[in-house]
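Throughout, read-outs are computed from the coordinates displayed, never taken from laboratory work. This is a predicted model, so every value here is computed, not measured. Every residue, glycine among them, receives a Cβ derived from its backbone with ideal geometry; neighbour counts consider all protein chains shown.
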Amino acid sequence: MERIRAFIAIELPEEVKQVLTRLQNRLKSGSRAPVRWTDPYATHLTLKFLGDIDISMTGKITAAMAEAARDIHPFRLDVGNPGVFPDPRRVRVVWVGLTGALDTLDRLQKRLEAALSPLGFAAEARPFTPHLTLGRVRDQARPEERQELGRLVAGIAPEPGTGLDVTSFHLIKSQLRPEGPLYTRISSAELK
């Protein structure tokens, strides 16, 4: 059987991708830390990483997505403040947070976890922290470079009024390539 690497995510509109690009450019010009920046045009809001799955499972996964979407109405999320994981002194990941209907997003994500559990997908051990990844600091970064980047991120304010209206989410195939991942939408679930 053919296997694919897959995840379930909300895709971003053009306006949000442009905001992420501008934010990355500000961070790139202000930091010396070696960072592998994500492509804003390939960025998405991941709800569930599935890993390597048998392609024959896509129908059952799509049905689970539809079950999770039932009775959840479309909602709005806005681009929030940038942040870092795990903390500003030891930056490993630079991200942008979200504001808006986070309670609805959290409910959708929990329902998705519950619908996928009978298919053998274990629930995440970590709590769901909705964010859009901007970049990952490379291992060779020195502690002072990580701290400098943490201070820079802390001093950047978000662009107000930029967001996304969530009306659907998608099962996406991920092909890892040297020039960056290639994402292909397999199926979708609509919010009604």
Worksheet item: Lys/Arg Cβ at +1, Asp/Glu Cβ at -1, dipole of the stretch 3-190 taken about the Cα centre: which of Ala114, Phe128, Leu152 is farthest positive-ward?
Response: Leu152
Worksheet item: How high is the FRET efficiency from Glu124 to Ser29, r the C-beta distance, R0 41 Å, rounded to 0.05?
Response: 0.75
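Sum up the charges of everything whose Cβ sits under 14 Å from the Cβ of Pro143, counting Lys and Arg as +1 and Asp and Glu as -1, but leave Pro143 out. Intermediate values should be presented prior to the final figure.
On the way: positive: Arg32, Arg89, Arg90, Arg92, Arg138, Arg142, Arg146, Arg151; negative: Asp87, Asp139, Glu144, Glu145, Glu148.
Here the count lands on +3.
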Worksheet entry | the stretch 6-107: C-alpha gyration tensor shape, a/c 1.5 cut-off, then a/b vs b/c | prolate
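Going highest first, how would you order 186-192, 176-182, 144-150 by mean Cβ packing within 10 Å? Numbers along the way, then the final one.
On the way: 186-192: 15.7, 176-182: 8.9, 144-150: 18.0.
Ranking the peptides 186-192, 176-182, 144-150 by packing returns 144-150, 186-192, 176-182.
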Item to complete: Provide the packing ranking of 8-16, 28-36, 123-131, i.e. peptides ordered by the mean count of other C-beta atoms within 10 Å per residue, highest first.
Response: 8-16, 28-36, 123-131
Worksheet entry | Estimated inter-spin distance, Ser187 and Glu67, nm [label 7 Å along Cα→Cβ] | 1.2
Worksheet entry | Cα-only radius of gyration and Dmax that characterise the stretch 1-46, units Å | 14.1, 48
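Could you grab the relative contact order for the chain? Cα pairs under 8 Å, six or more apart, rounded to a whole percent.
Numbers: 372 pairs, mean separation 65.9, N = 192.
Reported as a whole number, the value is 34 percent.
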Worksheet item: Counting only residues 5 or more places away or on other chains, whose amide H sits under 5 Å from the amide H of Lys48 once H atoms are built in the peptide plane?
Response: Ile8
Worksheet item: More than 28 Å apart: what percent of Cα pairs in the chain qualify?
Response: 29
Worksheet item: What is the helix-to-structure angle for 102-116, meaning the angle in degrees between its Cα long axis and the longest Cα principal axis of the chain, kept from 0 to 90 and rounded to the nearest 10?
Response: 50
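Sort the stretch 66-145 into rounded, prolate or oblate with this rule: let a ≥ b ≥ c be the square roots of the eigenvalues of the Cα gyration tensor; rounded if a/c is under 1.5, and if a/c is not under 1.5, prolate when a/b is larger than b/c, oblate otherwise.
Oblate, since a/c reaches 1.5 and b/c is not below a/b.
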Worksheet item: Taking only Cα atoms, what is the 0 to 90° angle, nearest 10, from helix 14-30's long axis to the longest principal axis of the chain?
Response: 30
Practice prompt. Could you work out how far helix 143-154 tilts from the main Cα principal axis of the chain, as a 0 to 90 degree angle to the nearest 10?
Written response: 70
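Using a cut-off of 12 Å between beta-carbons, work out the net charge of the residues near Arg89 (Lys and Arg +1, Asp and Glu -1, Arg89 not included). Before the final figure, lay out each step's value.
Values: positive: Arg90, Arg92, Arg146, Arg151; negative: Asp87, Glu144, Glu145, Glu148.
Once positives and negatives cancel, what remains is 0.
Once you have the Cα-Cα distance between Glu144 and Leu176, take 0.36 nm times their residue separation minus that, and quote the gain in nm to one decimal. Don't skip to the answer; put the middle values down first.
Details: separation 32, 0.36 × 32 = 11.52 nm, distance 3.12 nm.
Additional length available on full extension: 8.4 nm.
Just want the ordering: His44, His170, His73, from fewest to most Cβ atoms lying within 10 Å of their own Cβ.
Values: His44 17, His170 20, His73 11.
In increasing order of surrounding Cβ atoms, one gets His73, His44, His170.
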